[in-house]
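Below you'll find the structure, written out as structure tokens, and then a few comments.
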């Protein structure tokens with residue numbers, strides 16, 4: 001049996017650093033390009049993740065409670 005995919009996790013400090021990086025990048029992209037930036041970022045991260053099913057699960061999780 002193949003083990004389930006186990007992505008590395010970030011601690012709170014790591015998540016805060018990612019949040020700060022993302023917020024700064026969204027500001028740099030500006031309101032007119034923020035959506036395009038986020039789509040490009042999502043596609044780059046999906047490629048790095050290498051698993052369309054896991055990416056789909058993350059999309060569904062992100063849609064919760066918007």
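Checking every residue in segment 58-66 against the condition of being surrounded by 10 or more Cβ atoms within 10 Å (Cβ to Cβ) and more than 16 Å from residue 8 (Cβ to Cβ) gives at least one match. Just one of the numbered conditions (1) outside any helix (DSSP H, G or I); (2) surrounded by 10 or more Cβ atoms within 10 Å (Cβ to Cβ) is not true of residue 41; which one? The one condition residue 41 does not meet is (1).
Coordinate-derived values only; no laboratory data. Computed from a prediction, not measured in an experiment: that's the story for all the values here. Glycine also receives a Cβ, built like all others from the backbone with ideal geometry; neighbour counts cover every protein chain displayed.
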